[in-house]
Amino acid sequence: MISRILSSALTLAMMAIGTAQAGNVDYRVWYFDDDGFHQEGDISYGPGPALVRPSWACGRRVGSPDYYRWVDGYGNTMSSANLSQDVHVWLPGKGCPYNALTIKYRDGSQTFAHQPGASYMEISTSSGGGWIDAQGKIPACNCLPNFPIKVSANWKLVPSISSSLKADLADPRRQTRVLAALRDLQYRMDELGTSLGERIAQRRRSPLGDREQSVQSVENAATDALALAAREASLCTDAAGSRQYTLAYAACGRAEAAVAVADRLAEEVQSVIAPQPGE
């Protein structure tokens, strides 16, 4: 009976976690923030701080977005829909084509008017993005050649190990044998954070001019995601040690998702710091 109840609870946990799209980055385009943390025109990764806009930028491109949703001040979805092409978030500024926050498809075929009462538009994508100039182009960058931001083997190992351990946590026959492996996973996630921190410190020895603060904001978001992953991995290990396997499964799922987001952000850093011919 207990096993059936546990299995049912784990199934619900797996269904809830399974609705998240691991590896996606959720951009938020802010109109107002009741907490006063964001201002109109801020663009952030999730609830994090606003990305730093280069002085020449007139907006930001969100590449290959999956969907958007309008969200109220309580985090409730007011409306949502799929997206079919790149989105440009235009911001006002000197020499820029729009004098107010404007969200449009890249080809200009559709404008997404602010839904009254919405605090922000959230745009989900598993692809990259970039700051655009007044012509809607991403300019050339004489940046860093041959500098990998991801050097740790754990970038590839952690997702597969985590997936396997989640399956073990969901199986009552294997739950009691996973503690040592969970400790190893926690160590690997900690190592990822250390490795990324070292690479970022090394990268910052070569400043990128007026792109530097913008790149740093993405690096900081990736660092924060790995810190969250480490905390959730610790919660997963502790819960499994206390035989709270439903809680352990949920925490490991959140850790895995946070690593996937960090991986996506690190890839964006890589795409920005590599030399670019421009459009």
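Just a few scattered comments:
- All positions within region 149-179 that are open to solvent by 60 Å² or more (accessible area, probe 1.4 Å) and under 20 Å from the mean Cα position of the chain (by Cα): VAL151, LYS156, LEU157, SER160, SER163
- The residues in region 114-155 that are under 30 Å from TRP70 (Cβ atoms) and of a type in the set (Phe, Trp, Tyr) can be counted, and the count is 2.
- Residues of region 111-150 satisfying the condition of being in a loop (DSSP other than H, G, I, E, B) and hydrophobic (A, V, I, L, M, F, W, C): PHE112, ALA113, ALA118, ALA134, ILE138, ALA140, CYS143, LEU144, PHE147, ILE149
- Residue pairs whose Cβ atoms lie under 6 Å apart, sitting 6 or more positions apart in sequence or on different chains, and linking a residue in region 197-220 that is over 15 Å from ILE43 (Cα atoms) to a partner that is of a type in the set (D, E, K, R), are ILE200/GLU219.
- Residue match in region 131-148 (condition: touching a Leu at 6+ places or on another chain (Cβ under 7 Å), buried (at least 17 other Cβ atoms within 10 Å of the Cβ), of a type outside the set (Asp, Glu) and more than 14 Å from VAL269 (Cα to Cα)): no
- Entry remark, region 259-276: residues being open to solvent by 10 Å² or more (accessible area, probe 1.4 Å) and either under 17 Å from the mean Cα position of the chain (by Cα) or among the hydrophobic types (A, V, I, L, M, F, W, C) (or both) number 9 in total.
- Every residue from region 70-84 that is more than 16 Å from SER126 (Cα to Cα), out of contact with any Gly (no Cβ under 9 Å at 6 or more places or on another chain) and open to solvent by less than 30 Å² (accessible area, probe 1.4 Å): VAL71
- Put simply, of ASP210, ASP224 the only residue that is of a type in the set (Asp, Glu) and either surrounded by 18 or more Cβ atoms within 10 Å (Cβ to Cβ) or not in a helix (DSSP H, G or I) (or both) is ASP224.
- For region 33-83, the tally of residues that are of a type in the set (Ser, Thr, Tyr) and either touching a Cys at 6+ places or on another chain (Cβ under 8 Å) or part of a loop (DSSP other than H, G, I, E, B) (or both) stands at 3.
- Remark: pairs (first residue in region 166-190, under 18 Å from ARG231 (Cβ atoms); second residue assigned to a helix (DSSP H, G or I) and open to solvent by 70 Å² or more (accessible area, probe 1.4 Å); Cβ separation under 8 Å; 6+ apart in sequence or on different chains) = ARG188/LEU157.
- Filter pass, VAL87 being closer than 20 Å to VAL218 by Cα, buried (at least 17 other Cβ atoms within 10 Å of the Cβ) and hydrophobic (A, V, I, L, M, F, W, C): yes
The values are calculated or read from the model by the stated rules, or taken from the named source; none is laboratory data. Keep in mind that what you see is a predicted model, and the values were worked out from it rather than measured. For neighbour counting, all protein chains shown are included, and Cβ atoms are generated from backbone atoms with ideal geometry for every residue, glycine included. Areas reflect the complete protein model, heavy atoms only, side chains present, ligands, DNA and RNA absent. Shrake-Rupley method; radii C 1.70, N 1.55, O 1.52, S 1.80 Å.
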